[in-house]
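The values are calculated or read from the model by the stated rules, or taken from the named source; none is laboratory data. None of these values were measured; they are calculated from a predicted model. Cβ placement follows ideal geometry from the backbone for every residue including glycine, while neighbour counts extend to all protein chains displayed.
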Amino acid sequence: MKVSQVYKEKKDKKVLSFEIFPPKKDSELKNIDETLAVLCELKPDYISVTFGAGGSSNCNRTIELARKIKHEYHVEPVVHLTCLHYNKAEIDEFAKVLSDAGLENVLALRGDKNPNFPEKDDFKHASDLIAYMKERWNFCFLAACYPECHPESDGVVNEIKHLKTKVNSGAEVLLSQLFFDNDIFIRFQENCKVADINVPVIPGIMPVINAAQIKRMITMCGAAFPLRFQKIIHKYEDNKEALFEAGMSYALSQIIDLLASDIDGIHLYTMNNPLVARKICEGIRKII
Ligand code: FAD
């Protein structure tokens, strides 16, 4: 089923989606089966599977995993697909494999620039990928959005203008980068409405549950860390179990607050951790 349809059919209810990444090593393939079994038991409306950055050998695993989610676990998958390091013929090859496997949903991305992988000329932005594929293939397209602007952004106005281009190209659902301050997301959602972006704009939530992850977040994603959150992390950073509980509680309170606002769903970055997904689902079971 196309994910855009899921949002239409659940109009008065919230859509719950999970994100997972394919294992890097063969030895982790068994774990992913155990993870999937728990995640699918929680009955998300769909699960998206990330795609390795430019030229990574993990790309085939993305498709394999998506195929498994659909045909073995009977949950709708969304396949992430980046374009900066591919040409049109290569994208068509991927599209054919996806289509032959009965996969109907693509999160179309530009992908990060990476000096180790040469960029190709056919696609400069996600909107180019969506426009190209939409003419040839019958997928539902999702796209990424950034409540705190993309790191390469030249300002909110242009960021929203480019997002509108993505939607005009055919993106039917927007999944957001993680954030820790709900007010920032609500303001972004309002800016989207002002710009006449009328597709679901879905908040992406990542529970912060360990110290290494926090350090990675600070250097990589540029999300604002509200003082309230900083205090919690500072207080529990040396106590693994307490930090896990505190991080989960923070994410849960973010989600509950968002569910009380005008949103169509929640996209949970599960980090392939079934305990995280289970705890969040238990926390919102009665209200979603
Ligand atoms: P774009 O939409 O092309 O935007 C990139 C920048 O260019 C932005 O500043 C934008 O404002 C600007 N821009 C966009 N269109 C135009 C235009 N027409 N003209 C001029 N400027 C423009 N990466 C992976 O490698 N694999 C994944 O699986 C993956 N999954 C992700 C999932 C989510 C939900 C999110 C939020 C991100 C994900 N990423 C993933 C990261 C993503 O690939 C990077 O953030 C990348 O740098 C930008 O991708 P994009 O599709 O948003 O690019």
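Side notes on the structure shown:
- Selection status of TYR250, modelled with pLDDT of 95 or more, aromatic (Phe, Trp, Tyr), under 15 Å from SER176 (Cβ atoms) and surrounded by 14 or more Cβ atoms within 10 Å (Cβ to Cβ): no
- Those residues of the range 30-66 which are crowded, with 19+ Cβ neighbours inside 10 Å, of a type in the set (D, E, K, R) and modelled with pLDDT of 95 or more, in sequence order: ASP45
- Residue selection: GLY222 fails the criterion of being surrounded by fewer than 17 Cβ atoms within 10 Å (Cβ to Cβ), at positive phi and near the ligand (Cβ under 10 Å from one of its atoms).
- Among the residues making up the range 29-88, those that are more than 17 Å from ALA101 (Cα to Cα), touching a residue at least 60 places away in the same chain (Cβ under 8 Å) and within 12 Å of the ligand (Cβ to nearest atom) are ALA53, GLY54, GLY55.
- Screening the candidates ILE202, ILE209 for the property of being farther than 26 Å from ALA242 by Cβ and surrounded by 17 or more Cβ atoms within 10 Å (Cβ to Cβ) yields one hit, ILE202.
- Yes/no for ASN116 being assigned to a loop (DSSP other than H, G, I, E, B), farther than 30 Å from LEU258 by Cβ and in contact with a helix residue (DSSP H, G or I) (Cβ under 8 Å, 6 or more places away or on another chain): no
- Some residue of the range 140-153 being more than 25 Å from LEU227 (Cβ to Cβ), assigned to a loop (DSSP other than H, G, I, E, B) and near the ligand (Cβ under 8 Å from one of its atoms): yes
- Members of the range 92-108 found to be buried (at least 22 other Cβ atoms within 10 Å of the Cβ) and either of a type in the set (Val, Ile, Thr) or within 10 Å of the ligand (Cβ to nearest atom) (or both), listed by number: VAL106, LEU107, ALA108
- Taking the criterion of being surrounded by 19 or more Cβ atoms within 10 Å (Cβ to Cβ) and either over 17 Å from ILE214 (Cα atoms) or among the hydrophobic types (A, V, I, L, M, F, W, C) (or both), the residues of the range 264-273 that qualify are GLY265, ILE266, HIS267, LEU268.
- None of LYS124, LYS166, LYS113 is in contact with a Lys or Arg (Cβ under 9 Å, 6 or more places away or on another chain) and either near the ligand (Cβ under 8 Å from one of its atoms) or among the β-branched types (Val, Ile, Thr) (or both) except LYS124.
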